[in-house]
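Q: Quick one: the structure is below, questions incoming.
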Amino acid sequence: MLAKGLKVLAFSAAIGALAAPVLAQPPAPPATGYKAPRAADGHPDLQGVWTNAAITRLERNPRYGKTLALSDAEAKKVEAHTQAEIDLGNKPTDPNAKVTDLPADCSGGRGTNCNYNAAWTDPGHVVMRVNGQPRNGFITSTPDGRVPMRKDIKVDAFGRRALPAGAGPSDNPETRALGERCLLSFGNSSGPVMLPGLYNNTYQFVQTKDEVAIDVEMVHDVRHVRLNAKEHLPASIRPWMGDSIGHWEGDTLVVETTNFNPQQVFRGSSAHLKVTERFTRTGPDRLHYAFWVEDPTVFAQPWGGEYEFGRIKGQVYEYACHEGNYGLVGILQGARAEERTGVKTAPTNIDQKAKPADNEEGEGF
């Protein structure tokens, strides 16, 4: 009888019904025994400047199989390769060299002769560790560490829903990425889920008894978490980064976010997306971050994972993105020129459908 029931559940998921029941909660933080300092209201003090810069990415790298944890030797090898790229980018360049002469690493589908090297980026140079364990990815809920997409949902290499037939990414400003339009962070830095990217992986937490604000360096987004709110905003109100309400469960801040703006698509998600995050201090300089993602219209099952923020000194600097960005004008002018002449210019990630650097989240290993 049990086997028959499991078959029915599997069949239901395949035809688009709700996924089979799973534990609907993020991973628990490691039991380190650390006692966090207290804010004025008695709750753990999360305030300060934190970073999630790391060369680990959301999904596991198939190069290391389905294993969540890397060995110390594997982690050191990855970190050494990343440091070599950084050192190469920091070397002085011959002023007479042509672009084709540069010894750049153009991996990740960055187009002809590259548009970045390591001197211009700051994705981090170490593998993400959770309680000291080096990780191959952030997702912990699926056996292969990948996002469990429904088979009937199609997204592009950047995790976005495909454009309508005949539409192009450079038809008008509204079809370009939100980051290019300076509306929201590149990749998914601001979240939720908050993910590291090519640079600006710095966050400042400001905490009161009524709200926790998270200032994200990338495109200077600010997340507002309303504490102890009983209900979300009406479904018709859908701000950038959604509507976040939070409460304390012991020493853990729990944040539930719904009402996402329809233009802010995370891994093909729909208006039904709900993300639950848990923030827990596990050491003087470590902040455990766990997340749980639900959208039965897009994902085959709820899924989640974890990583750790590290505390840093200093402050968050403004990322001066602006609506007058001449690069966007150039992109649109180039697209119109291609339409008039019928001649394609230098290829880009989108034009040649090349694989981006780990789904636009940064220079993953």
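Q: Amide H to amide H under 5 Å from residue 221: which residues, 5+ apart in sequence or cross-chain, H placed 1.01 Å off N in plane?
A: 216
Q: Go through 317, 341, 271 and say which Cα lies farthest out towards the positive end of the charge dipole of segment 216-349; charges sit on Cβ, +1 for Lys and Arg, -1 for Asp and Glu.
A: The Cα lying farthest towards the positive end belongs to 341.
Q: Quick check: at a probe of 1.4 Å, how many percent of the accessible area of segment 270-343 sits on carbon and sulfur atoms? List each step's numbers first, then the result.
A: On the way: 1990 of 3610 Å².
Reported share for carbon and sulfur atoms: 55 percent.
Q: Given R₀ = 56 Å, FRET efficiency for residue 149-residue 40 by Cβ-Cβ distance, to 0.05?
A: Computed FRET efficiency for residue 149 and residue 40: 0.80.
Q: Please list 3J(HN,Hα) in residue order for segment 73-79, calculated via the Karplus relation 6.51 cos²θ - 1.76 cosθ + 1.60 where θ = phi - 60°; whole Hz, with x for glycine and proline.
A: For segment 73-79, the Karplus curve yields 5, 5, 4, 5, 5, 5, 5 Hz.
Q: When the Karplus curve 6.51 cos²θ - 1.76 cosθ + 1.60 is applied with θ = phi - 60°, which whole-Hz ³J(HN,Hα) does each residue of segment 310-315 get, with x for Gly and Pro?
A: Ordered by residue, 3J(HN,Hα) equals x, 6, 10, 8, x, 9 Hz.
Q: Per residue of segment 236-242, what does 6.51 cos²θ - 1.76 cosθ + 1.60 with θ = phi - 60° give for ³J(HN,Hα)? Whole Hz please, x for Gly and Pro, Karplus curve as stated.
A: My calculation for segment 236-242 gives 6, 9, 9, x, 4, 6, x Hz in order.
Q: What is the dipole size for segment 231-296, taken about its Cα centre, with +1 at each Lys and Arg Cβ and -1 at each Asp and Glu Cβ, in debye to the nearest 20?
A: 200 debye
Q: Quick query: amide H of residue 244 versus all other amide H atoms, modeled in the peptide plane; which residues come in under 5 Å with a sequence gap of 5 or more or a different chain?
A: When sequence neighbours closer than 5 places are left aside, the close amide H contacts are 226.
Q: May I pose another question? Would you rank 185, 236 by solvent-accessible area, highest first, keeping every protein chain in place and using a 1.4 Å probe?
A: Ranked list, largest accessible area first: 236, 185.
Q: Right, here's the next one. Would you please give the FRET efficiency between residue 231 and residue 25, computed as 1/(1 + (r/R0)^6) with r the Cβ-Cβ distance and R0 = 22 Å, to the nearest 0.05?
A: 0.55
The values are calculated or read from the model by the stated rules, or taken from the named source; none is laboratory data. Since the structure is predicted, the reported quantities are computational estimates derived from the model, not experimental observations. Glycine gets a Cβ as well: all are built from the backbone with ideal geometry, and neighbour counts include every protein chain shown. For the accessible areas, the whole protein counts, side chains as well, though only heavy atoms, and no ligand, DNA or RNA atoms are used. Shrake-Rupley method; radii C 1.70, N 1.55, O 1.52, S 1.80 Å.
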